[in-house]
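Notes follow once the structure below has been shown.
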Amino acid sequence: MPTSDNIARHDAPEGGASTDKTGIIVNVAVPVPLRRHFAYRVPDGYDISSLEPGMRVLVSFGRRRLTGWITAVDVPPPYDAIVIKPIDQILDDQPVLPPDIISLVQWCASYYHHPPGEAFSTAVPATLRKPQPVPVAVKKRLVCTETGQQTDIGALRKAPKQQGLLSSLRVAPNGLEKAEVAASYSNAISTGLINRGFASWTEIPEMIIPFDPATLSVQHEHMTLSGEQAAAIEAASKPGTHLLFGVTGSGKTEVYLKLIEHVLRQGQQALVLVPEIGLTPQTIERFRRRFSLPVVTMHSGMTDNERFANWQKARDGSAAIIIGTRSSIFIPLKNPGILIVDEEHDGSYKQNDGLRYSARDLAVLRGQRSGVPVVLGSATPSAESFHNATNERYQLLRLTTRPGSIQLPEQRIVDLTQHPAEGGLASPTETLMRRHLDAGNQVLVFQNRRGFSPVLMCLSCNWRAQCNQCDAQLTLHRREHRLRCHHCGSQLPEPTRCPSCNEQQLIPLGLGTERIEQHLTTRFPNHPIIRVDRDTTRRKSAFAELRAQITEGTPAILVGTQLLAKGHHFPGVTLVVIVDLDAGFYSADFKATERTAQLLTQVGGRAGREEREGTVMIQTHFPNEAMFSKLIDHGYERFLTDLFAERAAFALPPYRFIAAARAESRQPETALGFLKRSTQGINIPDVDILGPLPANMEKREGYYRAQVLFTSHQRMQLHEALTRFMHQSDELSRSGVRLSLDVDPTDNI
Ligand code: ADP
Ligand code: ZN
Ligand code: ZN
């Protein structure tokens with residue numbers, strides 16, 4: 001039996017001596033790791049008629065003061081509350097978040113079993129998490145000073161340009177923007193006025209007004225839409241979720257642009273989600289070039305102020321198109337017209353820490369709730385989305401060809417058992433590469449593993465370089481002479497002798513991009529080799545520089561990881577070489593096969609995007625392995641059909657809903673024991689509980705990890721089990737254990 005003391009602690013914030021229950025009570029989502037709202041009393045004398053959900057308040061919580069979000073106004077007092085503390089300060093005089101976003105965040109908190117206050121923190125820009133009123137956006141403008149207003153303008157006769165600028169400033173109460181001044185006057189002119197004390201650069205609050213659709217002008221590219229494109233545009237202008245399944249280079253972006261044009265003409269906004277890697281200047285440029293209305297972006301490279309400014313423009317309707325990565329799904333829109341998720345299969349839409357949400361799934365939910373079309377686009381749809389399309393929950397729209405006479409690349413297989421590879425390349429591959437380079441083209445060599453070699457081994461005693469924080473081997477980075485763990489980042493100098501037997505018999509095993517690059521340099525000394533992976537793109541502008549070098553189009557060999565595979569348009573590439581097809585297909589992760597097939601199809605799609613015909617050369621030891629011979633012979637869709645059979649047989653998504661609870665601890669067994677106790681006695685019809693078991697890589701970053709899986713045909717039942725589980729785990733001592741719950745996981749299952 002809980003004592004009344006701890007009821008009070010759980011249901012109203014602790015401390016405080018007031019027992020007043022007469023004031024109006026509001027529910028507040030406070031950013032603390034507890035899965036509930038907290039009741040607070042509105043201070044006496046406050047005009048409660050102006051109080052609404054979506055306003056922020058400063059509240060005492062224990063000994064801290066925190067910024068929380070009002071989620072409900074005038075609620076009955078919690079039945080068992082003894083003390084209800086007053087709000088310390090109401091930060092906003094009107095809601096900062098609109099009702100649809102509040103309800104989306106609350107949906108997340110409940111569906112992902114996450115503390116609501118922390119869900120709000122995830123969903124809003126950092127600026128709003130601070131205990132301060134909403135900052136007003138300001139812009140520097142050149143304004144006329146008091147002296148400037150009163151001076152005799154005729155006295156400036158000898159400086160006619162200054163005279164002209166001053167007379168413009170006199171009639172502009174809010175002054176002129178830098179660009180407006182620069183359009184007609186040089187810097188010297190404005191400086192002249194400033195030095196005379198007639199004008200000054202002043203920060204003026206920025207007016208945010210909705211864009212005007214009447215001013216829209218559209219810069220069309222000259223092309224005739226294909227019948228499939230036209231049909232897709234027609235269908236996807238209607239509410240509902242649409243899966244745009246278009247082969248690589250089939251003109252999906254053109255479909256998005258046409259749909260957006262339609263929406264903008266009605267004065268509505270478009271939200272476009274792109275994978276992290278997809279938010280390239282090229283993409284943004286294409287949208288800006290097409291439409292005269294404001295396009296704003298949201299990504300991790302921006303400062304808090306920049307993000308907040310764009311967030312406000314979206315919320316208040318002055319931004320017409322918002323292009324952003326995962327977290328942009330929470331951006332409020334004044335007047336939503338369409339939600340687009342490009343490359344919907346991409347793993348970056350899933351957040352894998354904190355609030356473990358899927359931005360793709362939230363887009364579908366948000367579209368349904370606001371009655372606007374949602375378009376999920378991909379050349380390689382995820383199994384879930386394709387399944388939903390075949391069940392007619394989503395409408396399937398296909399683009400099966402590339403525009404004009406551009407052909408999909410031809411695929412060739414090299415059997416590595418017949419043609420052994422040296423430095424990653426079999427001799428037929430090398431011959432073909434020479435042919436393409438000699439014809440003036442570029443070749444892309446794909447290997448999804450960076451570093452020199454994934455294993456360093458001693459021939460004399462079989463020692464292998466291991467990470468002491470993880471159950472993983474260290475990758476050799478030869479150029480830096482270091483061994484690095486790709487899981488925790490720890491590193492060591494490259495040993496010259498075996499640390500175990502002291503012999504000088506260490507050999508690198510396996511191929512990373514660095515090793516392939518080295519081999520290519522010896523085999524193709526006359527061609528530039530451009531390596532693109534996490535190691536060569538660490539510097540902020542490095543990727544852009546490499547991309548610029550590639551798009552010059554002169555013959556070159558690009559070698560890289562999945563960074564090269566996604567969404568890029570490299571017009572010079574006519575040959576794509578898959579160094580090792582077999583790598584991704586043998587993994588314990590249930591999504592691994594699907595991901596590998598997507599990656600192969602996407603990287604293959606980089607070949608021959610313009611007039612020049614493309615080829616994909618696939619090296620494998622198992623040319624007859626069923627899964628990928630299907631993929632290669634019959635394409636991605638047939639592959640999915642086979643994958644579905646396998647998923648159904650193993651009771652995996654999309655045939656079952658799953659959730660994974662994970663725990664980790666410094667001590668072996670602690671995490672596992674914790675999960676055992678938290679799952680004890682949970683017995684819900686139609687819910688299977690698998691485990692707990694040690695995770696695939698049990699030790700990682702010094703923590704021992706365990707996992708338990710919940711699976712069911714019924715979402716309701718699954719959530720009932722999860723609620724029970726979270727409740728039981730709350731009752732246990734968490735000391736030394738970190739727990740997380742992942743609903744609809746996409747990793748490490
Ligand atoms: P995706 O987004 O499917 O990769 P894009 O929309 O980028 O494809 O189109 C690929 C290329 O084909 C682009 O250069 C685009 O301008 C061009 N394109 C798209 N649709 C057509 C069309 N109907 N006729 C001619 N060219 C087109
Ligand atoms: Zn040894
Ligand atoms: Zn490690």
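The values are calculated or read from the model by the stated rules, or taken from the named source; none is laboratory data. Because the structure is a prediction, the values reported are computed rather than measured. With ideal geometry, Cβ positions are generated from the backbone for all residues, glycine too; neighbour counts draw on all protein chains shown. Side chains are part of the model used for accessible areas, which takes the heavy atoms of the whole protein and leaves out ligands, DNA and RNA. Shrake-Rupley method; radii C 1.70, N 1.55, O 1.52, S 1.80 Å.
Given 0.36 nm per residue, what is the gain on full extension from ASP747 to THR202 after removing their alpha carbon distance, in nm?
Computed gain between ASP747 and THR202 is 191.1 nm.
If you plug the beta carbon distance of GLU552 and ASP47 into 1/(1 + (r/R0)^6) with R0 = 56 Å, you get a FRET efficiency near 0.30.
The label point for LEU732 and the one for ARG497, both projected 7 Å from the Cα toward the Cβ, are 4.8 nm apart. With R₀ set to 56 Å, the beta-carbon distance separating ILE82 from GLU276 gives a calculated FRET efficiency near 0.70. Take the Kirkwood radius over Cα pairs of the chain, plug it into Stokes-Einstein at 25 °C and 0.890 mPa s, and you get 83 µm²/s for translational diffusion. Here's the picture: a label point sits 7 Å out from the Cα of GLN368 along the beta-carbon direction, and within region 627-660 the residues with their amide nitrogen under 20 Å of it are 653-659. Dipole check for region 287-395: with +1 at the C-beta of Lys and Arg, -1 at the C-beta of Asp and Glu, and the Cα centre as origin, the magnitude is about 360 Debye. Taking Cβ atoms as reference points and 9 Å as the exclusive limit, the residues near GLU514 contribute a net charge of +2, counting Lys and Arg as +1 and Asp and Glu as -1. With the cut-off at under 12 Å, measuring from each backbone N in region 148-176 to a point 7 Å along the Cα-to-Cβ line of SER184 picks out 161-172, 176. Label positions at ARG265 and VAL455, each projected 7 Å from the Cα along the C-beta direction, are separated by 6.1 nm.
Note on HIS569 and SER490: the extension gain reaches 25.0 nm, defined as 0.36 nm multiplied by sequence separation minus the Cα-Cα distance. For region 213-399, the Kirkwood hydrodynamic radius comes to 16.5 Å, computed from all pairs of different C-alpha atoms. Each Lys and Arg contributes +1 and each Asp and Glu -1, all at the Cβ; summed about the Cα centre of the chain, the dipole is approximately 1520 debye. Annotation: extensible slack from THR390 through ASP688 equals 104.6 nm (criterion: 0.36 nm per residue apart, minus Cα-Cα distance).
Excluding ligands, DNA and RNA, the accessible surface per residue across the chain is 46 Å² with a 1.4 Å probe. Heavy-atom accessible surface of ASP415, to the nearest 10 Å², is about 40 Å², with a 1.4 Å probe and all protein chains retained.
The packing ranking, built from the mean of other Cβ atoms within 10 Å per residue, places the peptides 115-128, 343-356 in the order 115-128, 343-356, highest first. Quick one: which of LYS252/LYS350; LYS334/LYS591; LYS140/LYS258; LYS139/LYS238; LYS258/LYS313; LYS85/LYS350 span more than 27 angstrom between C-alpha atoms? Over 27 Å apart, Cα to Cα: LYS334/LYS591; LYS140/LYS258; LYS139/LYS238; LYS85/LYS350. Please name whichever of PHE657, LEU376, GLY635 sits farthest to the positive end of the charge dipole of the chain, dipole taken about the Cα centre and charges placed at Cβ: Lys and Arg +1, Asp and Glu -1. Towards the positive end, the residue furthest out is LEU376. The mean of 1/r over all pairs of different alpha-carbon atoms in region 150-266, once inverted, gives a Kirkwood hydrodynamic radius of 19.1 Å. Among the protein heavy atoms of region 213-399, carbon and sulfur supply 47% of the accessible surface, probe 1.4 Å, non-protein parts ignored. Of the residues LYS161, LYS85, ranked by 1.4 Å probe accessible area with the largest first, the sequence reads LYS161, LYS85. Relative contact order of region 453-577, taken over Cα pairs closer than 8 Å and 6 or more residues apart, is 20 percent. Taken about its Cα centre, region 657-743 carries a charge dipole of about 260 debye when Lys and Arg each add +1 at the Cβ and Asp and Glu each add -1 at the Cβ. The residue list VAL255, LEU225, VAL295 was ranked by how far each Cα lies along the charge dipole of region 213-399 toward its positive end, using unit charges on Cβ atoms, and VAL295 comes out on top.
If you average the sequence gap of Cα pairs under 8 Å that are 6 or more apart and divide by the length of the chain, what percent do you get for the contact order? Reported as a whole number, the value is 10 percent. Given a Förster distance of 25 angstrom, what is the FRET efficiency for ASN526 paired with ARG412, based on the Cβ-Cβ distance and rounded to 0.05? It comes out at approximately 0.50.
What are the GluC sites (Glu not before Pro) within region 364-459 that DSSP puts in a loop, where the Cβ has at most 16 other Cβ atoms within 10 Å? Loop-located and lightly packed - GLU392.
Counting only DSSP beta bridges whose two residues both lie in the chain, roughly 55 percent are antiparallel.
Each peptide in 493-502, 215-224, 615-624 gets a packing score, the mean of other Cβ atoms within 10 Å over its residues, and the list from highest to lowest is 615-624, 493-502, 215-224. Along the charge dipole of region 657-743, pointing to its positive end and built from +1/-1 on Cβ of Lys, Arg, Asp and Glu, which listed residue (PRO668, MET726, PRO692) has its Cα farthest out? Value computed over the given set: PRO668. Each peptide in 202-213, 505-516, 59-70, 246-257 receives the mean, over its residues, of other Cβ atoms within 10 Å, and ordering these scores from highest gives 246-257, 505-516, 59-70, 202-213. Taking label positions 7 Å along the Cα-Cβ direction at both LYS130 and MET716, the computed distance is 4.7 nm, reported to one decimal.
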